[in-house]
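Visitor: The structure's right below; bear with me while I get my questions together.
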Amino acid sequence: MTSRRAFVTGGAVALVGLGVRRGARAAPLVEIHMRATERGESVWFDPIGVWVERGTTVRWIVERDVHTTNAYHPKNDRHSLRIPEAATPWDSGFLVEKGAHFDVTLTVEGVYDYYCMPHEEAGMVGRIVVGKPSGPGTRPFDYFSGRSDAAGWKPVPPAARQAFPSVDAIVRRKIVRRG
């Protein structure tokens, strides 16, 4: 089983074991399942949108098929920036086995958009709101067009744009499942 924990902060990503010292308080945990139909004609994150407090650990778990979880960030194959500027992007690598998981602890407030690399074009994306909504994830998908510092950034594909739940729906409902 693949298991890693990444702490996303303004600085860097540190990989550590899953053990918690005695007496230490564990961060709240939210699970997002990576799902697919039996033949793979439909793939999705469940839930597709969540609201969490700062310091929450998000765990993506494979239910079926091969998936990844990647932050929308130029460091991830030149994707457009759709996480807070002060946050560090994540890339789970391929999660192959049922039950494989990847953890990220989110400590920077804002909106985090993410995708599954092999299924982004099919609309397998998700959105996490940490605390108060802010940052590039609150802006239109093409907000960076024409900026010289964003030359070469890949835009969010049309199917993915249509799949994202609204930030308002996530803040209001706390959990948004696919349509």
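The values are calculated or read from the model by the stated rules, or taken from the named source; none is laboratory data. Just so it is clear, the structure is predicted and the values come from calculations on it, not from any experiment. Cβ sites come from the backbone with ideal geometry, for glycine too, and all protein chains shown count toward neighbours.
Visitor: Taking the condition modelled with pLDDT of 95 or more, in contact with a His (Cβ under 7 Å, 6 or more places away or on another chain) and not β-branched (Val, Ile, Thr), does Trp60 pass? Step through it out loud before you land on a result.
Guide: Values: modelled with pLDDT of 95 or more: yes; in contact with a His (Cβ under 7 Å, 6 or more places away or on another chain): yes; not β-branched (Val, Ile, Thr): yes.
Answer is yes for this residue.
Residue by residue, here is whether (1) touching a Leu at 6+ places or on another chain (Cβ under 8 Å); (2) under 24 Å from Pro140 (Cα atoms); (3) surrounded by fewer than 24 Cβ atoms within 10 Å (Cβ to Cβ) holds:
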{"position": "Tyr72", "(1), (2), (3)": "yes, yes, no"}
{"position": "Asn76", "(1), (2), (3)": "no, yes, yes"}
{"position": "Pro89", "(1), (2), (3)": "no, yes, yes"}
{"position": "Cys116", "(1), (2), (3)": "no, yes, no"}
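Visitor: Separate question: Considering only segment 129-142, I want to know if a residue exists there that is more than 17 Å from His33 (Cα to Cα), touching a helix residue (DSSP H, G or I) at 6+ places or on another chain (Cβ under 8 Å), of a type in the set (Phe, Trp, Tyr) and in a loop (DSSP other than H, G, I, E, B).
Guide: Looking for residues that are more than 17 Å from His33 (Cα to Cα), touching a helix residue (DSSP H, G or I) at 6+ places or on another chain (Cβ under 8 Å), of a type in the set (Phe, Trp, Tyr) and in a loop (DSSP other than H, G, I, E, B), one finds at least one in segment 129-142, hence yes.
Visitor: When segment 163-179 is examined, which residues are found to be in a loop (DSSP other than H, G, I, E, B) and modelled with pLDDT of 95 or more?
Guide: Applying the first criterion (in a loop (DSSP other than H, G, I, E, B)) to segment 163-179 yields 164-166, 174, 177-179.
Phe164, Pro165, Ser166, Lys174, Arg177 - these are the residues of segment 163-179 that are in a loop (DSSP other than H, G, I, E, B) and modelled with pLDDT of 95 or more.
Yes or no, residue by residue, for (1) of a type in the set (D, E, K, R); (2) out of contact with any strand residue (DSSP E or B) (no Cβ under 6 Å at 6 or more places or on another chain); (3) under 18 Å from Pro84 (Cα atoms):
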residue: Val129; (1), (2), (3): no, no, yes
residue: Ser134; (1), (2), (3): no, no, yes
residue: Arg139; (1), (2), (3): yes, yes, yes
residue: Tyr143; (1), (2), (3): no, yes, yes
residue: Gly146; (1), (2), (3): no, yes, no
residue: Ala151; (1), (2), (3): no, yes, no
residue: Val156; (1), (2), (3): no, yes, yes
residue: Ala160; (1), (2), (3): no, no, no
residue: Arg172; (1), (2), (3): yes, yes, no
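Visitor: Give the number of residues within segment 118-134 that are crowded, with 21+ Cβ neighbours inside 10 Å and either touching a Lys or Arg at 6+ places or on another chain (Cβ under 7 Å) or not β-branched (Val, Ile, Thr) (or both).
Guide: Kept after step one, since they are crowded, with 21+ Cβ neighbours inside 10 Å, are these residues of segment 118-134: 119-120, 123-130.
Narrowing the set further to residues that are either touching a Lys or Arg at 6+ places or on another chain (Cβ under 7 Å) or not β-branched (Val, Ile, Thr) (or both) leaves 119-120, 123-124, 126-127, 130.
The total comes to 7.
Visitor: So is Ala160 in a loop (DSSP other than H, G, I, E, B), at negative phi, out of contact with any Pro (no Cβ under 7 Å at 6 or more places or on another chain) and crowded, with 17+ Cβ neighbours inside 10 Å or not? Can you show your working first?
Guide: Numbers: in a loop (DSSP other than H, G, I, E, B): no; at negative phi: yes; out of contact with any Pro (no Cβ under 7 Å at 6 or more places or on another chain): yes; crowded, with 17+ Cβ neighbours inside 10 Å: yes.
Here the answer is no, as Ala160 does not meet what is asked.
Visitor: For segment 42-88, give me the residue count where each residue is touching a helix residue (DSSP H, G or I) at 6+ places or on another chain (Cβ under 9 Å), farther than 18 Å from Ile128 by Cβ, of a type in the set (Asp, Glu) and free of Cβ contacts under 8 Å to residues at least 60 places away in the same chain.
Guide: Residues flagged as touching a helix residue (DSSP H, G or I) at 6+ places or on another chain (Cβ under 9 Å), farther than 18 Å from Ile128 by Cβ, of a type in the set (Asp, Glu) and free of Cβ contacts under 8 Å to residues at least 60 places away in the same chain within segment 42-88 amount to 1.
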